[in-house]
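Below is one structure, written out as structure tokens, with a few remarks after it.
Values in this text are rule-based calculations from the coordinates and carry no lab data. What you see is a predicted model; the values in this text were computed from it and never measured. So basically every Cβ, Gly included, is an ideal-geometry build from the backbone, and we count neighbours across all protein chains shown.
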Amino acid sequence: EVLLNSKKTKQMKRLLLLIILVGLSQMLIAQTGEVTTFILVRHAEKASDGTKDPPLNAIGQKRAYTLYETLSDTKIDKIISTPLKRTRATMNHIALNSKLEIETYDYRNEMLLQDLINENAGKTILISGHSNTTPFLVNRLIGEQKFDQLDDDEYDKIFIVSCTKVGDGKLVVIKY
């Protein structure tokens, strides 16, 4: 029974995510034209190995798989990540399933988001970042300073932003 409830919960999360993505896209298409959807997440839990570039710990590996399951029915067209092990490992299952390479990015690049929109209009881009970079990029996409740095123990948010240009994004935040 617990297993069935778990499967039902996963199915409901997938359905909710799909409804949100379709609804946002349709709303923006009616207003402006081709909409690019950004799905932004912080990397999963990292190991404490004393290095500046630790891998995911066991909990983080489970969370990365849960993220994969949550997004498994979502068509991802591009995956980008900071170059660190933990951000890339968070995307591994999704990249393998979608047969996409994980490209790297520098969040400080002022033209990053607009270039992504210009090159991927109408597509869905998955971005793996950090406690500071993920809210920074979300804020730029929506055009307001809504989010501060994520708490150290906050790994469960998915930020979904649909937009036609940087600063006009429509945002939905879900937990997984």
Taking Cα pairs closer than 8 Å and at least 6 residues apart, the relative contact order of the chain in percent is 28
Length-normalised contact order of region 94-176, Cα under 8 Å, at least 6 apart, in percent, tallies to 23
Between the modelled labels at Lys10 and Lys146 (7 Å from Cα along Cα→Cβ) the distance in nm is 2.9
Expressed in nanometres to one decimal, the distance between label points 7 Å along Cα→Cβ at Ala47 and Glu69 is 2.3
Region 76-90 and region 107-160 have their Cα centres apart by a whole-number Å value of 13
Ranked output for segments 50-60, 64-74 by mean other Cβ atoms within 10 Å, highest leading, reads 64-74, 50-60
Residue-ordered couplings for region 54-71, obtained by feeding phi - 60° into the Karplus form 6.51 cos²θ - 1.76 cosθ + 1.60 and rounding to whole Hz (Gly and Pro as x), are x, x, 6, 8, 4, 5, x, 5, 5, 5, 4, 5, 4, 4, 4, 4, 5, 9
Note: probe point = Cα of Asn57 + 7 Å toward Cβ; backbone nitrogen < 19 Å; residues of region 142-176 passing the test are 150-157
